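Note sheet for the following structure.
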Amino acid sequence: MQSCEGCGLVVDGGTDGCQSLFDELRGGQLVATTYQLQRLTVDTYCMQHPDRYCVSAKSLAAHLTGLCWTLEYSGHASGLKALQRWLDGRPRLEKPELPSFRGALTVADVGGAPDPAERAAAIGRWARSTWDAYSALHPLARRWVEEAL
Ligand SMILES: [Zn+2]
């Protein structure tokens, strides 16, 4: 057992083992859910694993604003599309310093929920805990969202 370098989950295979849990979740149980829930899952996982998924300022902005939009605004799909258009327009972005602690919950707290409603609730808790770990970046995330809309 090793710790994942992104989220700290202790799992067989460490970082790769954590990635496998995410791939399973995304490829299996999440296929039949809404676009918003899939995006929330992907944005949360990526914010917990920025060394792999948030290398550029643009990718960081995509996932951070996705979380912000879903958790602090309406979360409507039209907003996610507006954010995508904003990013495609190549806004000038600077990548901020990222926190090393990225929340107490991990993808492992979601995978076990068998019932779709329970799973959605577990994803919501995981997303919220990750978002809270990024509290230093909330003002920046809100500024980006306002700029995009
Ligand atoms: Zn991880």
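For region 34-62, a tally of residues being free of Cβ contacts under 8 Å to residues at least 60 places away in the same chain, touching a Phe, Trp or Tyr at 6+ places or on another chain (Cβ under 7 Å) and either small (G, A, S) or exposed (fewer than 13 other Cβ atoms within 10 Å of the Cβ) (or both) returns 1. For region 9-22, a residue qualifies if it is closer than 11 Å to A108 by Cα and either in contact with a His (Cβ under 6 Å, 6 or more places away or on another chain) or assigned to a loop (DSSP other than H, G, I, E, B) (or both), and exactly one does: L9.
Out of L30, L40, I need the residue that is farther than 26 Å from P96 by Cα and more than 14 Å from the ligand (Cβ to nearest atom). Which one? Going through L30, L40 in turn, the sole match is L30.
Results for (1) in contact with a Cys (Cβ under 8 Å, 6 or more places away or on another chain); (2) modelled with pLDDT under 95, shown as yes or no for each residue.
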position	(1), (2)
L98	yes, no
L105	no, no
P116	no, yes
A121	no, yes
R125	no, no
T130	no, no
S135	no, no
P139	no, no
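When we screen C18, C54, C46 for residues that are within 29 Å of E97 (Cβ to Cβ) and in contact with a strand residue (DSSP E or B) (Cβ under 7 Å, 6 or more places away or on another chain), the only hit is C18. Within region 5-33, residues that are over 19 Å from T130 (Cα atoms) sit with their Cβ atoms under 7 Å from residues that are outside any helix (DSSP H, G or I) and away from the ligand (no atom under 12 Å from the Cβ), at 6+ positions apart or across chains, in these pairs: D12/M1. When E72, E97 are checked against the criterion of being over 19 Å from C7 (Cβ atoms), of a type in the set (D, E) and either more than 13 Å from the chain's Cα centre (by Cα) or surrounded by 15 or more Cβ atoms within 10 Å (Cβ to Cβ) (or both), E72 stands alone in meeting it. Within region 13-33, the set of residues being surrounded by 13 or more Cβ atoms within 10 Å (Cβ to Cβ) and of a type in the set (G, A, S) comprises G13, G14, G17, S20. The residue pairs whose first member lies in region 71-93 and is at pLDDT below 90, whose second member is surrounded by 15 or more Cβ atoms within 10 Å (Cβ to Cβ), and whose beta carbons are closer than 7 Å, counting only pairs six or more residues apart or on different chains, are G75/Q36; G75/W69; A77/Q36.
Hey, among S74, S59, which residue is away from the ligand (no atom under 16 Å from the Cβ), over 19 Å from G111 (Cα atoms) and in a helix (DSSP H, G or I)?
Values: S74 fails: in a helix (DSSP H, G or I).
On inspection, the qualifying residue turns out to be S59.
Quick one: how many residues across region 100-117 are more than 16 Å from the ligand (Cβ to nearest atom), in a loop (DSSP other than H, G, I, E, B) and surrounded by fewer than 14 Cβ atoms within 10 Å (Cβ to Cβ)?
Narrowing region 100-117 to residues more than 16 Å from the ligand (Cβ to nearest atom): 113-117.
Still in the running and in a loop (DSSP other than H, G, I, E, B): 113-115.
Checking the rest, the ones that are also surrounded by fewer than 14 Cβ atoms within 10 Å (Cβ to Cβ) come to 114-115.
Adding up the residues that qualify gives 2.
The values are calculated or read from the model by the stated rules, or taken from the named source; none is laboratory data. All values reported here derive from a predicted model rather than from experimental measurement. Cβ coordinates were reconstructed from backbone atoms using ideal geometry, including for glycine residues, and neighbour counts include every protein chain displayed.
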